[in-house]
Amino acid sequence: MAKQDYYEALGIARDAQTDAIKKAYRKLAMQFHPDRNPGDTKAEHKFKEINEAYDVLKDEQKRAAYDRFGHAAFDGTGPAAGAGGFRPGGFGAGGFADIFDEMFGEFMGQRRGGGGASQAGQRGADLRYNMRITLEEAFTGRAATIRVPSSATCEDCNGSGAEKGTDPVTCTLCQGRGRVRQSQGLFTFERTCPQCNGGGRIIEKPCKSCGGAGRVRRDKTLNVNIPAGVEEGTRIRLAGEGEAGLRGAPPGDLYIFLDVAPHALFERDGADLYCRATIPFIQAALGDSIDLPSIDGSKARIAIPAGAQSGQRLRLKGKGMSVLRSSSRGDLYVELMVETPVNLTKKQQEALQAFKDASGADRKHSPQAHSFLERLRSIRTEAKE
């Protein structure tokens with residue numbers, strides 16, 4: 001079966017620059033890599049094709065030979081054969097293994113020559129802890145003590161995973177590299193060493209306490225300082241307080257995510273607070289002052305102007321939330337809700353009727369109501385015409 005054109009295999013133009021070739025190869029290699037397509041023979045075949053194409057086109061001399069002679073430059077039948085021609089099977093040091101390491105070293109957990117760091121030096125996992133606090137605690141800040149299920153370095157083996165008095169030995173299959181090379185036809189692939197599972201070392205006598213992992217399950221108690229002004233979703237990082245690393249590797253981090261519980265009175269928007277205050281209509285009509293609880297525990301007095309209306313918003317400067325890493329505070333906004341009286345006595349009804357009779361058609365007492373009525377009359381008049 002005829003080989004696919006190398007340029008077509010990578011989906012690039014014949015005059016593509018080196019960076020474009022490399023970019024196209026990276027994209028396709030990540031897409032068709034066997035580890036991402038287990039058991040897919042088509043993906044494996046495509047992966048081999050793009051690697052063969054890239055190995056030729058990334059090299060100026062090989063590319064020049066391919067542009068001139070095509071595939072014949074490498075199969076022993078073209079003019080270049082026997083005269084320093086290039087062969088795909090020559091992936092020595094600096095060949096496909098370097099390409100593999102560059103592309104998939106981090107994807108597989110290590111860089112080439114890392115001495116089996118993928119397992120022997122695997123950093124501990126990061127942990128997440130969800131904490132709910134009150135709005136008052138978000139305002140003032142607080143010190144909290146939390147208990148986190150985690151893992152710690154095994155004290156019996158000091159994290160080595162080997163029984164006390166013994167040491168891990170170098171893997172004889174990979175010679176401590178943690179990876180082995182496997183040839184498939186014209187190509188050489190690197191895989192995690194099956195004997196040491198990428199660790200580069202083998203524990204012949206595992207520690208009885210940790211089973212060779214170098215760490216044990218253990219809850220830890222931590223003190224956490226929550227600063228004033230934190231908001232919903234704030235994340236606090238405690239470096240090194242995550243799970244212990246595998247066999248002496250560095251530990252992970254602990255991330256605390258804060259959830260601020262809803263408040264019975266206040267709603268928060270950034271550093272500002274909002275609340276509603278229901279007042280009798282007499283208070284709204286004549287004006288007054290009322291005391292409201294503040295988030296800091298004190299009383300906040302608010303003056304209600306005469307003629308206050310429902311929905312009117314009053315501002316108390318500096319009575320809102322603390323601002324994170326600042327000495328300033330937000331504001332408190334109070335929305336007035338005027339309540340119409342119910343269950344009136346006969347005497348109260350007579351008093352209100354007298355007020356209505358005294359007001360008559362004077363629109364200055366209820367300007368919005370009169371304005372609404374005038375609009376209704378205008379609409380009715382237009383409808384008749």
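For the range 130-260, report the accessible area per residue in Å² (1.4 Å probe, heavy atoms, rounded to an integer). Can you show the working numbers first?
Details: 6740 Å² over 131 residues.
It amounts to 51 Å² per residue over the range 130-260.
Leaving ligands, DNA and RNA out of it, report the carbon-plus-sulfur percent of the accessible area of the range 205-314 at a 1.4 Å probe.
Carbon with sulfur: 49 percent of the solvent-accessible area.
Beta carbons within 10 angstrom, averaged per residue: use that to sort the peptides 191-202, 249-260, highest first.
191-202, 249-260
Provide the net charge surrounding G242, with neighbours chosen by a C-beta distance below 11 Å and charges set as Lys +1, Arg +1, Asp -1, Glu -1.
So the surrounding residues net to 0.
Output the relative contact order of the range 205-317, whole-number percent, from Cα pairs under 8 angstrom with separation of 6+ residues. Before the final figure, lay out the partial values.
Details: 119 pairs, mean separation 16.8, N = 113.
In percent, rounded to a whole number, it is 15.
Just order 36-43, 9-16 by mean Cβ neighbour count inside 10 Å, highest at the front, would you?
The packing order, highest mean first, is 9-16, 36-43.
Could you give me the ³J(HN,Hα) list for the range 330-337, computed from phi with Karplus coefficients 6.51, -1.76, 1.60 and θ = phi - 60°, whole Hz, x at Gly and Pro?
So the Karplus estimates, Gly and Pro as x, are x, 10, 10, 10, 10, 9, 7, 10 Hz.
For the range 1-68 and the range 290-336, what is the centre-to-centre distance using only Cα atoms, to the nearest Å?
Result: 67 Å between the Cα centres.
If each of A351 and R14 carries a label point 7 Å out from its Cα toward its Cβ, how far apart are those two points in nm?
Placing both labels 7 Å along Cα→Cβ, they lie 10.1 nm apart.
If you add up the charges near V224, with Lys and Arg at +1 and Asp and Glu at -1, over every other residue whose beta carbon is less than 10 angstrom from its beta carbon, what do you get? Walk me through the numbers before you get to the answer.
On the way: positive: R142; negative: E241.
Neighbour charge sum, excluding V224 itself: 0.
Pairs K3/K48; K164/K220; K3/K42; K22/K42: which are spaced more than 19 Å apart, C-alpha to C-alpha?
Pairs exceeding the cut-off: K164/K220; K22/K42.
What FRET efficiency do you get for L222 and Q312 if R0 is 45 Å and r is their Cβ-Cβ distance, rounded to the nearest 0.05?
It comes to 0.40.
Given a 1.4 Å probe and every protein chain left where it sits, what share in percent of the accessible area of the range 1-61 is carbon and sulfur?
Result for the range 1-61: 48 percent of the exposed heavy-atom area is carbon or sulfur.
Would you list which lysines come within 26 Å of K317, measuring only between C-alpha atoms, while excluding same-chain residues fewer than 8 positions from it?
K299
The values are calculated or read from the model by the stated rules, or taken from the named source; none is laboratory data. Computed from a prediction, not measured in an experiment: that's the story for all the values here. Because the Cβ atoms are built from the backbone with ideal geometry, glycine has one as well, and the counts that use them run over all protein chains shown. Calculation scope for accessible area: heavy atoms of the full protein, side chains included, ligands and nucleic acids excluded. Shrake-Rupley method; radii C 1.70, N 1.55, O 1.52, S 1.80 Å.
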